[in-house]
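Trainee: Quick one: this structure, given as structure tokens, is what I'll be asking you about.
The values are calculated or read from the model by the stated rules, or taken from the named source; none is laboratory data. The structure displayed is predicted, hence computed values, not measured ones. Here Cβ is always computed from backbone atoms with ideal geometry, including for glycine, and neighbour counts include all displayed protein chains. What goes into the accessible areas is simple: the full protein's heavy atoms, side chains included, and nothing from ligands, DNA or RNA. Shrake-Rupley method; radii C 1.70, N 1.55, O 1.52, S 1.80 Å.
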Amino acid sequence: MKKVLVTGALGQIGSELVRALRERYGVDNVIASDIRMMPAGSAGQDGPFEYADCTRQREIREVVRKYDVGTIYHLAALLSAVAEEKPHLAWDVNMGGLYRVLEVARQNGCAVFFPSSIGAFGPGTPKDQTPQDTIQRPTTMYGVTKVSGELLCDYYHLRFGVDTRGVRFPGLISYVAPPGGGTTDYAVEIFYEAVRHQSYTCFLEAETRLDMMYMPDAVKAIIELMEADPDKLHHRNSFNITAMNFTPEELTQAIRKHVPGFTIDYQVDPVRQAIADSWPDSIDDSAAREEWGWAPEYDLESMTADMLEKLTEKLATAGPNI
Ligand code: NAD
Ligand code: AKB
């Protein structure tokens, strides 16, 4: 088989996607790449790893040609909170990187997976059950790069026949690698603090409602979409997908069922609160369900139980430095 390349492979998604792809397609068929050094025990360790900056077309092209890559999972990007701190760098990495990846894909016949986000919506978007096709006028640099990225991926498909596919992820919850600087990071941090200290100070308001998903479902979505019958895909870039929907207060109640003494207080960060307030409260993922059979496995209760169990194990064996 042709090999697959994952950019940004040491991040929150890549750390688990690389493992899943290697289990499915074989260790040597999945090339992990990033601009960070690979820590011991991380995603790239059991198979090929290459340093590749996605903003440098030559570096991506060399890896694609060296390994005869057929599919690129392009995860490298800055997330919403970091992108708002560094908007110019975010444009360069998120848009410049995607453009160069698409060019390498066009020249070498590769398919491309591009993860968009609920951040591709803005304050003018219908807030409840946000439709698949609707107003997209985001007010963050992250959102601007996600809408532009969706359009650029569609353009490369329509104009050059590149097999581009993508999803709009909600906030992702996981215990393997830490989140990379997003607005939904509270929903991961809260679990670490629940296990370590039985208390958490949240940077979003108690009633901030957002869609979320557990990482095993996110990885499943990526693999299922990339393996889906292309004749059935009408949307391609990008499908709304979701798995659960809650506020910090509702997540606290779910955690308390397992950690009865758990407490939360709030020190709201105005920047991240404004970003969250500009995003939908809930999105409608019926197009993904109809076109490629999307169906998540984890809801709030099952995700909470699994996160607490896995994190308790991880923190017990990892020691204080994690
Ligand atoms: P992350 O921040 O955890 O990881 C991103 C990785 O990209 C990092 O390892 C970083 O070193 C690498 N990177 C940064 N600049 C690079 C460059 N110039 N060249 C190559 N690598 C570079 O991000 P993530 O959470 O794994 O997200 C991956 C993708 O999924 C992003 O496009 C993100 O917008 C999208 N997404 C994530 C979430 C989420 O909740 N995690 C939700 C929606 C969409
Ligand atoms: C972020 O908060 O930036 C990400 C996302 C929802 O895109 N988790």
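Trainee: Around Tyr200, which amide H atoms from residues at least 5 apart in sequence, or from another chain, sit under 5 Å from its own amide H, with H modelled in the peptide plane?
Mentor: Thr263, Ile264, Asp265
Trainee: Here is a further query. From the protein chains alone at 1.4 Å, what is the descending order of accessible area for Met1, Met141, largest first? All intermediate terms of the calculation are to be shown ahead of the outcome.
Mentor: On the way: Met1 135, Met141 50 Å².
Result of the area sort, largest leading: Met1, Met141.
Trainee: Using modelled backbone amide H atoms (1.01 Å from N, in-plane), which distant-in-sequence or interchain residues come within less than 5 Å of Gly124's amide H?
Mentor: Counting only residues 5 or more places away or on other chains, the set is Arg137.
Trainee: Residues with amide H under 5 Å of Thr130's amide H, sequence separation 5 or more or different chain, H placed in the peptide plane at 1.01 Å from N; which?
Mentor: Ser282, Ile283, Asp284
Trainee: So how do 302-314, 279-291 stack up, highest first, on mean other-Cβ count within 10 Å?
Mentor: Values: 302-314: 17.6, 279-291: 19.8.
Packing order, densest peptide first, comes out as 279-291, 302-314.
Trainee: Rounded to the nearest 20 Debye, what is the dipole magnitude of the chain about its Cα centre when Lys and Arg each give +1 and Asp and Glu each give -1 at the C-beta?
Mentor: Numbers: 31 positive and 46 negative charges, 229 e Å.
Dipole of the chain, to the nearest 20 debye: 1100 debye.
Trainee: Please say if segment 1-83 is rounded, prolate or oblate, where rounded means a/c under 1.5 for a ≥ b ≥ c the square roots of the C-alpha gyration tensor eigenvalues, and otherwise the choice is prolate for a/b larger than b/c and oblate otherwise?
Mentor: Values: a/c = 1.66, a/b = 1.17, b/c = 1.42.
The shape class here is oblate.
Trainee: A follow-up question, please. Note down the relative contact order for segment 1-135 as a percent, whole number, built from C-alpha pairs under 8 angstrom at least six residues apart.
Mentor: Working: 211 pairs, mean separation 31.6, N = 135.
RCO, segment 1-135: 23 percent.
Trainee: Now for a different question. Once you list every other residue whose beta carbon is under 12 Å from the beta carbon of Pro230, what net charge do they have if Lys and Arg are +1 and Asp and Glu are -1? Working shown, then result.
Mentor: Details: positive: Arg165, Lys232, Arg236; negative: Asp163, Glu227, Asp229, Asp231, Glu291.
Neighbour charge sum, excluding Pro230 itself: -2.
Trainee: So how much accessible area does Leu89 have, in Å² to the nearest 10, using a 1.4 Å probe?
Mentor: Result for Leu89: roughly 80 Å² accessible.
Trainee: With every protein chain kept in the model, how would you rank Asp211, Asp269 by accessible area, 1.4 Å probe, largest at the top? Spell out each step's value before the answer.
Mentor: Details: Asp211 5, Asp269 35 Å².
Listed by decreasing accessible area, they come as Asp269, Asp211.
Trainee: Please state the relative contact order of the chain as a whole percent: Cα pairs under 8 Å, 6+ residues apart? Intermediate results must be reported in sequence, preceding the final value.
Mentor: On the way: 651 pairs, mean separation 57.5, N = 322.
This gives 18 percent for the chain.
Trainee: Rolling a 1.4 Å sphere over the protein heavy atoms, what is the accessible area per residue of the chain, to the nearest Å²? Spell out each step's value before the answer.
Mentor: Numbers: 13420 Å² over 322 residues.
With the other protein chains kept in place, the chain gives 42 Å² per residue.
Trainee: Given a 1.4 Å probe and the protein chains all in place, what does the accessible area of Arg159 round to, in Å² to the nearest 10?
Mentor: Accessible area of Arg159: about 140 Å².
Trainee: With point charges of +1 on the Cβ of Lys and Arg and -1 on the Cβ of Asp and Glu, referenced to the Cα centre of segment 131-211, which listed residue (Thr164, Gln198, Ile135) lies farthest in the positive direction of the dipole?
Mentor: The residue sitting farthest along the positive end of the dipole is Thr164.
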